[in-house]
Amino acid sequence: MLSSIKPSSSSFSTAISGSVRRSIPTKLKFSPLLIIKNCHNQSFNANVVSHQKPLHISSASNFKREVKVEAYEADRSRPLDINIELPDEQSAQKLKIGIYFATWWALNVVFNIYNKKVLNAFPYPWLTSTLSLACGSLMMLVSWATRIADAPKTDLEFWKTLFPVAVAHTIGHVAATVSMSKVAVSFTHIIKSGEPAFSVLVSRFFMGETFPLPVYLSLLPIIGGCALAAITELNFNITGFMGAMISNLAFVFRNIFSKKGMKGKSVSGMNYYACLSMMSLVILTPFSIAVEGPQMWAAGWQNAVSQVGPNFVWWVVAQSVFYHLYNQVSYMSLDQISPLTFSIGNTMKRISVIVASIIIFHTPIQPVNALGAAIAIFGTFLYSQVNKQTYSCLPTSSTWFFSEQFLVLI
């Protein structure tokens, strides 16, 4: 607010003494409130200065110097606190995400290779699945004990709601391992790329959920591609095929139980997966003993060591360790990216596993079979795109673990 200055009929010199006149600077910086306060303290005449009216200068004739009145804005010397990412920070973030993705894919490829090597020499998928869960559980217990990772705060209610999730997780994990013990790794992953179709169909017919038309249309290439790959698979095995299909179905129900039971739980994705592995280990161990048993394991172990040598032990350890590590890195990447980006990354992961397994194991593949795999994977990518609006409403932290794409991690 600026005060107005206008001439008056009375003399300015009669109101202000000479000493006051000499104190007027060449450039007058003033605030109306301060001047009124000074005038009150020096008992100025009310006719000259009014508290109710703007400041008046009676006459400018007695001024010997030029008086310049300026308005000054508030001090803007302090920087504004605006969180703007500089190009260097954006590049560093992209590099970090790229490292997460590369590490995730590499660990997953290594796991699948060693897992297949173990199953080729030691065809006991129940024990192999148990060892994978046991290794991951042990690694997380050590991490909590040494405070490398913060232990989750859980209660009895948490474990009760986790139980049905662990049952479905156990079935899906064992079924996938059984599948890879009977068919090529590439074929198992081609069939597992059909998980979104199982998710939509189960949610539609069992849960009563509805989806937009583009979602249903995106399932057509998934189903068609998987069917084309299955009928043209040279080493087709019904047990391996059914194992992959059961794994898909089990992981869909695991996802449903997770969303229904774990809603509102403040447990990070990595710790939630650790707890899930521990409970699945408890569930799976007695069934592994009943289905296969120590006698079969002992005989199979001796046979594997005699054929492969001491490297077989390393294979078992490697497949168990890498199984946990690639899952752990995948959850770490969830803190840095959106669910949609993660889903696309998971699709690329399947491609890398399929290609690597074909190269390493010299898997024979026909052009029609490769076409079916490409169509199915492309359908999975389309499914991710048409769900873009759904994913954008989800958080980017690891608590997104309970969302729909949770089923594609394993």
With unit charges on the beta carbon (Lys/Arg positive, Asp/Glu negative), name the residue among GLY243, GLY172, SER306 whose Cα is farthest towards the positive pole of the charge dipole of the stretch 95-408.
GLY172
Excluding ligands and nucleic acids, what accessible area in Å² is computed for HIS362 using a 1.4 Å probe, to the nearest 10?
150
Stretchable slack from VAL291 to LEU220, in nm (0.36 nm times residue separation minus alpha-carbon distance):
21.8 nm
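Using 0.36 nm times the number of residues separating ILE360 and THR146, minus their current alpha carbon distance, what extension gain do you get?
Details: separation 214, 0.36 × 214 = 77.04 nm, distance 3.79 nm.
Full extension from ILE360 to THR146 adds 73.3 nm.
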How much solvent-accessible surface does PHE236 expose, in Å² to the nearest 10, with a 1.4 Å probe and all protein chains in place?
90
Accessible surface, 1.4 Å probe, highest first, among residues GLU195, GLU292, GLU209, GLU157:
GLU157, GLU209, GLU292, GLU195
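With the Cα gyration tensor of the stretch 200-318 giving a ≥ b ≥ c as the square roots of its eigenvalues, does the rule (a/c under 1.5 for rounded; else a/b larger than b/c for prolate; else oblate) give rounded, prolate or oblate?
Oblate shape, in that a/c is at least 1.5 and b/c is the bigger or equal ratio.
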When the dipole is taken about the Cα centre of the stretch 124-240, and only Lys, Arg (+1) and Asp, Glu (-1) are charged at their Cβ, what size is it in debye, to the nearest 20?
120
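About the Cα centre of the stretch 95-408, what is the dipole size in debye to 20, counting +1 per Lys and Arg Cβ and -1 per Asp and Glu Cβ, all else neutral?
Dipole size: approximately 240 debye.
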In this model, which of LYS96/LYS160; LYS160/LYS192; LYS116/LYS192; LYS117/LYS349; LYS117/LYS259; LYS117/LYS192 are farther than 25 Å apart at the alpha-carbon?
LYS96/LYS160; LYS160/LYS192; LYS117/LYS259
Say each of PHE158 and PHE206 gets a label point 7 Å from the Cα, pointing the same way as Cα to Cβ; how far apart are those two points in nm?
2.7
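Provide the FRET efficiency to the nearest 0.05 for the ASN235-ASP88 pair, computing r from the beta carbons and using R0 = 51 Å. Numbers along the way, then the final one.
Working: r = 51 Å, r/R0 = 1.00.
My answer for the efficiency is 0.50.
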The stretch 95-408 - percent of accessible surface contributed by carbon and sulfur, probe 1.4 Å
71
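What FRET efficiency comes out for ASN120 versus TRP314 if R0 is 25 angstrom and r is the Cβ-Cβ distance? Round to the nearest 0.05.
Working: r = 15 Å, r/R0 = 0.59.
For R0 = 25 Å, the calculated efficiency reads 0.95.
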Roughly speaking, what % of Cα-Cα pairs in the stretch 95-408 are separated by over 35 Å, rounded to a whole number?
16
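The values are calculated or read from the model by the stated rules, or taken from the named source; none is laboratory data. Predicted, not measured: the structure shown is a model, and the values here were computed from it. No Cβ is skipped: glycine too gets one built from the backbone with ideal geometry, and neighbour counts run over all protein chains shown. Surface accessibility is based on the protein's heavy atoms, side chains included, excluding ligands, DNA and RNA. Shrake-Rupley method; radii C 1.70, N 1.55, O 1.52, S 1.80 Å.
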